[in-house]
Amino acid sequence: MTPGDVFTAIAFYLVGATTLVAGIGMVLVRNMVRSALLLVLALGGVALMYVLLSADFLAVVQLLLYIGAIMILMLFAIMLTPGQVDLPSSAPQAQRITSALTALAVGVISLFVVLSHPWRIRAAPLDIVTSERLGSLLMSTYVLPFEIASLLLTIGMIGAIVIARED
Amino acid sequence: MALVPVGLHHFLVLGTLLFCIGMYGALSRSNAVGILLSLELMLNGVNVIMVAFAKFIDTPQELAGQVFAIFIITVAAAEAAVGLAIVIGVYRLRNTIQVDQIDLLKG
């Protein structure tokens, strides 16, 4: 165990606890604006997790795309639906209990599988600068999914304009 | 699973917990935007797991997990744009985005 390991562990537990608390607050808080801002905190925590996982490019993409673009879109949608920000009741009691049980069951089963499966862990964890490698991978091995993703984004953009347009 | 050093399992547990929290939100929220927010949390839980696989798992295809995460983020962006457009369209039509009141197709 090196000092670096201890530092990484401290960072992981601090950021992880913040992310989980923000996530729990996000699903429990009634007011939608607060919920969205707590989700921003959780997404920022996930960006820091990417840094800890030495995924430099993804950490920046997470900041730019999720916090910069998607969350702004969400806040706009919340602001554009006045009167819906603070709904009177979140959901019937029975529905909340059923959802909690479902999520708990999925969680217990997934955690059991995740912790009991014999993963083939590599000898030295991947620790390289990823941006350049990702770029060349997207242009060579994954060029077909890349093109389909660009098509999907175009279709999504056109669809969003058509659906939300006032006619 | 020891507390220090942080390894694959820690990140997998974190991702799973994020996924389950998001799942609870997606099932229990009655505000349509709230459901979309919870979906983003679920997708992020999966992304953490993907990137953890890219770092720790021994595969011939290096960085495949991170490429997957990029595609998940792309699909999430498209999903958010279209989903919010639908939410705003429904609000214009029905003046509510409470999902149990949007029951036009209910028999």
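Here are a few things to note about the model shown:
- Under a Gaussian network description of chain A, with springs only between Cα atoms under 10 Å, the residue in A:GLY23, A:GLY107, A:GLY83 that fluctuates furthest is A:GLY107.
- By the count of neighbouring beta-carbon atoms within 10 Å, fewest first, A:PHE57, A:PHE76 end up ordered A:PHE76, A:PHE57.
- Listed from fewest to most Cβ neighbours within 10 Å, the set A:THR154, A:THR19 follows the order A:THR154, A:THR19.
- Rounded to whole Hz, the Karplus (6.51, -1.76, 1.60) HN-Hα couplings of the stretch B:73-82, x for glycine and proline: 5, 4, 5, 5, 5, 4, 4, 5, 4, 5
- Comparing mean-square fluctuations of A:PRO82, A:PRO92, A:PRO125 from a GNM of chain A with C-alpha springs under 10 Å, the top value falls on A:PRO92.
- One Cα centroid belongs to the stretch A:38-77, the other to the stretch B:3-43; the line between them spans 14 Å.
- Positive end of the dipole of chain B (Cβ unit charges, origin at the Cα centre): among B:ALA64, B:GLN101, B:GLY22, the Cα lying farthest that way belongs to B:GLN101.
- Sorted by Cβ density within 10 Å, fewest first, the residues B:MET50, B:MET42: B:MET42, B:MET50
- Mean residue ellipticity (222 nm) of the protein assembly as shown, computed from DSSP H runs ≥ 4 via -39,500 (n - 2.57), nearest 500: -24500 deg cm²/dmol
No lab work stands behind these numbers, since they all come straight from the coordinates. Since the model is a prediction, treat every value here as computed from it, not as a measurement. All Cβ positions, glycine included, derive from the backbone under ideal geometry; neighbour counts span all protein chains shown.
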